[in-house]
Every structure is written in C-alpha cells, then in structure tokens.
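The values are calculated or read from the model by the stated rules, or taken from the named source; none is laboratory data. Model, not experiment: these values are computed from the prediction. Heads up, the Cβs are rebuilt from the backbone with ideal geometry, glycines too, and the neighbour counts pull from every protein chain shown. We work out accessible area using only protein heavy atoms, side chains counted, and drop any ligands, DNA or RNA first. Shrake-Rupley method; radii C 1.70, N 1.55, O 1.52, S 1.80 Å.
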Amino acid sequence: MAEIDFGGVVENVVTRDEFPLEKAREVLKDEVITVIGYGVQGPAQSLNMRDNGFEVIIGQTPKHKAYWDKAVADGWVPGETLFDIEEAVEKGTIVQYLISDAAQTKLWPVVKKHLKAGDALYFSHGFSIVYKDQTGIIPPDDVDVIMVAPKGSGTSVRRNFLDGSGINSSYAVAQDATGRAEERCLAIGIAVGSGYLFPTTFEGEVHSDLTGERGVLMGALAGVMEAQYNCLRKNGHSPSEAFNETVEELTQSLIRLVAENGMDWMFANCSATAQRGALDWRHKFRDAVAPLFDNLYESVKNGTETAIVIERCGKEDYMDDLRAELDEIKNSEMWRAGAAVRSLRPENWGK
Ligand SMILES: NC(=O)c1ccc[n+]([C@@H]2O[C@H](COP(=O)([O-])OP(=O)(O)OC[C@H]3O[C@@H](n4cnc5c(N)ncnc54)[C@H](OP(=O)(O)O)[C@@H]3O)[C@@H](O)[C@H]2O)c1
C-alpha cells in the first residue's frame, strides 16, 4: 500500500503500481467472474474486465428485453457468455451482484441457492450487507464477501477506462472465508479499471455514499441550483440569464477549474469582486446547510433512507415513478431553458 498524505492525515491506498494489471490477472487466472445485472454498473465493470483480459460472463433476466438486448449488442453471446441469472451464478466463482439495491433483496433467495463454497460474493455498495435486517441478505459462512465501490456513475467507469483514465474506488472485505478475499477484491478493483483504491468498511461506504448522493453530488446540487434560479427569476431576470448564472457558467467553466486544481484555484481565476463576495457568502451557506447535513446523515445511519429505497424502488413500476419525477425536472422552465442554452454552445450550434 502507498502511504499518501491527505491534507495532513496519512492514509494507505492501493495504486496501479502496487497492484498492476498483470498481478490482477495472475490472482484471477482461474476465476470465472459473473456479473449479475446489466443496468449501469454491470455493463461498465464487465466490459472493462473483458477488455482487460478476464473471463467474464453476464447473468441477466431475458424478460427485461432492453437490458438483454443491450448485452447482446455489447458482444455477450447467449449460451456462451450471457445466461439467465441462476445459470450465471452457478457458473461463476466470483459473483458480482450488480442489480439495483432494491432488487438485490428480492432476488437474494435465488442467488444464495446457487452460491458454492469458496465463491466470492461481490457488491459495489455496502447497502445490502449493512442493512441486512431490512434486506435479509446474509451470505453463507463459506463464501468471501467483498466490495469495490466505484466513486462515479457506471457511464464514467466505462468512459474513463476508454480514454485511459479511471474512476477511484473504495474497497472492503466483510467476510474472508477463503483467506484470499482481500487479494480477490483488490484484483477485481484493478480489473474494473479503478484509478486508485482506498480502504473502507461496508458501513463506511454506505453511510458516506448515501449521504454524498443525497447531498452535494445530486440532491443538494439540484436543490441549490433551483433555489438560485428561482430567486433570479423572481427578481425579473430572464430564463437565459438565470440559467447562465446558475448552471452553465458552473459546468462550462468553474467546476472544470475546481476539478483541475482545487477550489482556491477556481476562486483565484475569478475577479477580485467575485472572490470577495464568494469568500464571505461561503460561510453563510455552509452554516445554513450544516444542520440539514446532520439530519441527512442521521436519516442514512438509522436506516430510514434504505427503507425508503427498498419500499419505493422495490415496486414493479418503480421506473415509472422515477421517470415521472425526472420528467418534472426536465419539463420545468429552468431545465428547458438549459436545453436551449446547451443548443447554443458553439459545438452544438446548427446540429
Ligand atoms: N449507478 C451507478 O453508477 C453506481 C455507482 C456505484 C455503485 N453502484 C451500485 O452498483 C449496484 C448496481 O447498480 P446499478 O445502478 O448499475 O443498477 P440499476 O441500473 O439500478 O439496476 C439495473 C439492473 O437491475 C436489474 N433488476 C432490477 N430489478 C430487478 C429484479 N426485480 N430482479 C432482477 N433484476 C432486477 C435490471 O434488470 P431487469 O430490470 O431486466 O430485471 C438491471 O440489470 C448497486 O448496488 C448500486 O448501488 C451504482
């Protein structure tokens, strides 16, 4: 492990130098890696592993034709590398459980039935194991239970792999039945194309991940943007102006500078007027939302958030509900204005 100083706190991480692809290939040379589910993470992780030379098969219910067809279009061959879920679990030695978290609970009796002694059961989220009282997912004692959780959308896991970069992942071992759980886990982490891997626990992952996506990464981002856009509109600004000042400037300019070299670098590349005001208002925004974050973290920790997911996303028609709410965002004035602004970007103009 490499010791890296993260802002004064030294942590151990696994880089590609310590665990090169060759080593991962050696560790997994006798394994058949079964990827269950072909939604978002499934395609990304399986295609990266296949391209990296690992033996991978897919388990997907043919009943949902769209996902099955997508797998076929990606080159998985029915009866050779694409099977229904039961058969795929039976054939695998490492079973990557990459269906939706709510569906993991429902499908567990089927998966459990086909796990064999010495298999590894793999997750990309701590959800199902940590909240076992809600999910009922308690793996048999004779299988390894491992996790690699990419810190990004599956779409980016694949895109970054193809462009030669990578998405960082956390990893953890919840159960080591074979004595090989950690090396299997790290090898898969490298195989799926992680940038670097940092250790966590299943608990640490699920608490931070659910907080992050409900907070800054998605929920807070959407909410804060809406609040500012509405404020500008209420005060007479046009949709175009409000959207540019709220979203477009962020995505086309400022957040790229943050990604490149940090928050202070982004500030330093803005006017003194902007810096002065932002430095003052930063404290007010932080203090205003801090109680909300405490509230959110508690709601994650005490299982409220996972219970909502299991209930709402476990319904047959959960996609209809999600779609309806996403459409509400898409069809709002703000995001319709956004579509118009995007169409005016030089690279999109005239398309
Ligand atoms: N999305 C991400 O970028 C991301 C990032 C990090 C970690 N993760 C974790 O990775 C795991 C997979 O997430 P995901 O977002 O890739 O999955 P997802 O898109 O939410 O799930 C889609 C997959 O689940 C299957 N599925 C849904 N309901 C099912 C049911 N009742 N029975 C059997 N299969 C069912 C779908 O197949 P059918 O509909 O055809 O049945 C499809 O293959 C989760 O643990 C998630 O938390 C995801």
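Are there any GluC sites (Glu not before Pro) in region 252-351 that are in a DSSP loop and have at most 15 other Cβ atoms within 10 Å? List them by number.
Answer in residue order: 316, 347.
Write down, largest first, the equivalent ellipsoid semi-axes of the chain in whole Å, where each equals the square root of 5 times an eigenvalue of the alpha-carbon gyration tensor.
Value: 38, 24, 21 Å, ordered largest first.
Using a 1.4 angstrom probe on heavy atoms only, work out the carbon and sulfur share of the accessible area of region 199-307 in %. Intermediate results must be reported in sequence, preceding the final value.
Details: 4040 of 6840 Å².
Accessible surface attributable to carbon and sulfur in region 199-307 totals 59 percent.
Could you please report the charge total around residue 15, scoring K, R as +1 and D, E as -1 over all other residues with beta-carbon less than 15 angstrom from its beta-carbon?
-4
Roughly how many Å is it from the Cα centre of region 26-51 to that of region 238-253, as a whole number?
So the two Cα centres are separated by 39 Å.
Once neighbouring chains are kept in place and the probe is 1.4 Å, which whole percent of the accessible area of region 1-101 is contributed by carbon and sulfur?
Carbon-and-sulfur percentage of accessible area, whole number: 53.
Lys and Arg at +1, Asp and Glu at -1: add these up for the other residues within a Cβ distance under 10 Å of residue 118 and post the number.
Surrounding charge for residue 118 is -1.
With n ≥ 4 as the cut-off for DSSP H runs, can you work out [θ] at 222 nm for the chain, using -39500 (n - 2.57) per run divided by the number of residues, rounded to the nearest 500?
-15500 deg cm²/dmol
Which percentage, to the nearest 5, of the DSSP beta bridges contained in the chain is antiparallel?
35
Choose one of 88, 155, 186: the residue whose Cα lies farthest towards the positive end of the charge dipole of region 62-214 (beta-carbon charges +1 Lys, Arg; -1 Asp, Glu; about the Cα centre).
155
Quote the relative contact order of the chain in percent (integer), defining contacts as alpha-carbon pairs under 8 Å separated by 6+ residues.
Result for the chain is 15 percent.
Please compute the per residue accessible area over the chain with all protein chains in place, 1.4 Å probe, rounded to a whole number of Å².
Working: 18690 Å² over 351 residues.
That works out to 53 Å² per residue.
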